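S.K.: Here it is: the structure, laid out below.
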Amino acid sequence: MRRKLSKVDLTYMRIPRRYWGVRLGLINEDYRKYVYRYLKGLDSNIRAGKGVLLFGPNGVGKTGAIVVVAKEVRRRGYTVLFVEGLMLMEIFLGKVMFEDGQSLYERMLEVDYLVIDDLGKGTGDSKGFLISKLEGVLRARYDEKKVTSITTNMTPRELSMYFSESGMSILKAIVTPIHCEGRDMRLEFDIGGTSKDREDREAGKGEGGNEDK
């Protein structure tokens, strides 16, 4: 049974406010059908512990696309957490709290659906601490059949160099890859876009209660 979302939902999920109004119709048309296909089988994907890996260059709308997915997951009653890749080091060091004394790291382990956004080339460290902790999270969630989805500007080849062999094996098991390409969405938003783009964005605004169609 689907439910409407509120500001409280979106805040609790830690969705950045700029993405609250994003919906399926605003996703880059070059890969929208693949996101729709995942959403169409969402319940089966969640039961199977299967997320998505949205990979491609910056600016093609990967974050917006994964937020559409995250919002639909929450509408179906699952718990969701959105984490930015640049925050991973602080999270793994225990410096970021969620609420009621729980760390964000602990929340990453227990939530039904975890989104790691913008896992980029600058989110590693020379000693391998971050990647070791990240692989630990992925492995723990894999064991519990909890879903993890990731967006990244790294190619599958670059990811294979970023993760260990066992870590990459787990990643392949828990996500369906979607290559995201197309026009640079940031440029259109910066200049206002076409009149239809503006109308679509207005239609997508609200307090989280809109349908993502």
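No lab work stands behind these numbers, since they all come straight from the coordinates. Quick caveat: nothing in here was measured; it's all calculated off a predicted structure. Every residue, glycine among them, receives a Cβ derived from its backbone with ideal geometry; neighbour counts consider all protein chains shown.
S.K.: On a 28 Å Cα-Cα criterion, which of the cross-link pairs K4/K95; K7/K146; K40/K95; K62/K172; K4/K172 come out too long?
M.R.: Details: K4/K95 32 Å; K7/K146 25 Å; K40/K95 37 Å; K62/K172 19 Å; K4/K172 32 Å.
Beyond 28 Å between Cα atoms: K4/K95; K40/K95; K4/K172.
S.K.: So if R0 is 35 Å, what FRET efficiency would R3 and M89 give, r being the distance between their Cβ atoms, rounded to the nearest 0.05? If you can, show how the numbers build up before the last one.
M.R.: Details: r = 35 Å, r/R0 = 0.99.
Between R3 and M89 the formula returns 0.50.
S.K.: What ranking of M89, M161 emerges when the number of other C-beta atoms within 10 Å of each C-beta is taken as an exposure proxy, fewest first? Working shown, then result.
M.R.: Values: M89 16, M161 9.
Fewest-to-most Cβ neighbours within 10 Å comes out as M161, M89.
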